[in-house]
Structure formats: C-alpha cells, structure tokens
Amino acid sequence: MSRLSATVPVEEYLAESHVLFYLSDAVSQLLEHKEEYTQFGLIRYFAEYFSSVKNSNHILFREFNYIRATPHNRVSFIRVFWRCFRQIGKSGELLSIQEYRSLLQLLCPDFSMEVVQNAARIVLMDDATDCLMSFSDFIYAFQLQFYYQEFLESVLAIYQDLLAGKSPNTVFVPTSASVEQLPSVAVEENDKEEQQRDGVEACMLADCVDALCDRFKHSHPSRACVREILDQTDKVSYYSFLMSLAKHETINQTIGALPSKAELFFDPEMDQELDKLIAQISVSPGSNSSGSAVGGLKEVQRRASPRRNIHHRRKMEVESDGSTEETDSSEN
C-alpha cells in the first residue's frame, strides 16, 4: 500500500512517518540556535533539515535518545556506522567491546554501553565477552540488537519464564516468604546452568513469540522468519536464536540498513570519498597521515549534514572575527 495513497488515514500516515517528531525536533533545534540559523532564512533551514532526514545524515553527532527515537533514525545510524568504519572489516582487524563503543561514540558521544554489550553477547553466545570480534560479525549482531531492542527484551523475558517452567503470561513477584521456601542455592544454580546450556523447547518459544507479535507495538522480525529458524531445531538457547536472526538475510533486507554479507565491504560512493582523502594526504607535504585521515573523515561527516553546516560556518565566522581582533591588537 502506498504511503501517499488517499486510502491511508492522516493519523496513520503521521504515526508511521513520524513527521510530527521531526517537525518538533526541527523547531527545538531552531529555537536553541536561533541567532545562528535565522540569518540563513527559515525556509532554507527547514529544507536542509528535512533533506538531511531523507538522506539519513541527520543522526550525526546527535544524542542517543534521538538516534533511537524512530525506526528511520535507527536504520540511518546503522548505515552511517557501517559506511564510516567498514574499512576496519576490510583490513580483517578484530576489536574489543570497548573499541567498538569508542567508534560508535565518534558518531554519538553518549551511545549506550549496554547496547554494545548485548550485541557482543549475540556474537560470543554470552560467553567470554572480553574476546575480540570481527567487524562483519559485530555489525549484523549490532543491527539486530539496536533495531529490534524492545522486541529482544520481550523475547528474553519469555525465554526466562520458559526456563523457569512458568507461563510467559504470568508475572512472578518474589517476597521474603517465597525466598525462604526456595531449594538449596547450589542445587538450583546447577540446574539453572544445565537448563541454560540445553535451552528451551523451540516449538514452545515459537508459539510464545508468535503470540507476542500479535500484541507488539514496536518493530519485530517477520513471523515466517522466526518460525523458519525455530523449526530447524528441537531446543534452542536465547543467544543462538538471536545469532540466527542476525544472520538471516530476509531480516537484513527488511531492516534495509546493511547490504548482504557478500557485499558488506563494497561501497563505491564511500570508496570514492576515501580516494579523494588519500589523494589530499599524499600531496600535503609534512602532514601527519593519521591526523589527516581523522580530520578528513570528520570533514566528510560535516559535509553530510547540511543542518550542521550552517552551525559550523557560523562558528567559524565568530572564531575568525575573534582571531582578527587579536592580531590587530598585537600589531598595535
């Protein structure tokens, strides 16, 4: 169904496109930097803001709550992260959790460590999370965790209920009396570890996830993909299920942020930008290669966000005026 079709109710279109969210953010940014933006004209400001939203560059250097606020923002951030740092995967370099978070913080300074840790647990199957990971393994796990975060949290709650032998629809609130009636801690821990290794009945988990999708308001993988994965085994653990979701090509295509694994390191447009940066570095005598590369990457990122360009130009003008005055006073 076309989103511009006359059969789509206005309220539904606004809810799906999040137009009001972006309009509210545009106004908030305008009021916060009123003096810097109004000199370029309101029409130009709003045009550049929504152009950056359309081109997926609007999430650069924004706060974590903003980049996760809409599905489009999440897809945009995943795509920008891949395009900026896929060269790491191309070189075959392995990175730690903290190093991946540092890369994410270059694009979003307050990016959540919890999201990075959860993505690493998918790759490492919740075991030895201090191990190094390849970029290709991490990026697809990160995509699943970041885009479907609310869904995965709900699935984890269902999985834990099934492990404990409870109905996923019941809520257990422990009290002091119930804690006293628990069996030996050592015995229970051993049983729990054995259960976690074996996982739960795949068919039961499939039925529960299917019921979850009926009432779930956030994004979730297609039921067909979930069934396809769970029908292949009798028992499944939580992280093996998530790893299968992360590797599923149909789910990857549905999200639409990353190419297939075979084309993960192929991006002609970004390759062209990098070639230009390398050419600039090579013809610049006495330049620091690593510093120039970082500076060049930041410059590409700044050019990608028209709305920040206005702010950046204004800031440079102010700094330039200040430096001129200082030079004049020193000459006197």
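The values are calculated or read from the model by the stated rules, or taken from the named source; none is laboratory data. Bear in mind that the values here come from a model prediction, so they are computed numbers and not experimental data. The protein model used for the area step is the full one, side chains on, heavy atoms only, and it has no ligands, DNA or RNA in it. Shrake-Rupley method; radii C 1.70, N 1.55, O 1.52, S 1.80 Å.
The number of residues in the stretch 57-106 being open to solvent by less than 10 Å² (accessible area, probe 1.4 Å) and of a type in the set (S, T, N, Q) comes to 3.
When the stretch 29-46 is examined, which residues are found to be assigned to a helix (DSSP H, G or I) and open to solvent by 60 Å² or more (accessible area, probe 1.4 Å)? Passing the criteria: L31, E32, K34, E35, T38, L42, I43, R44. Summed over the stretch 149-181, residues that are open to solvent by 70 Å² or more (accessible area, probe 1.4 Å), at pLDDT below 70 and part of a helix (DSSP H, G or I) total 3.
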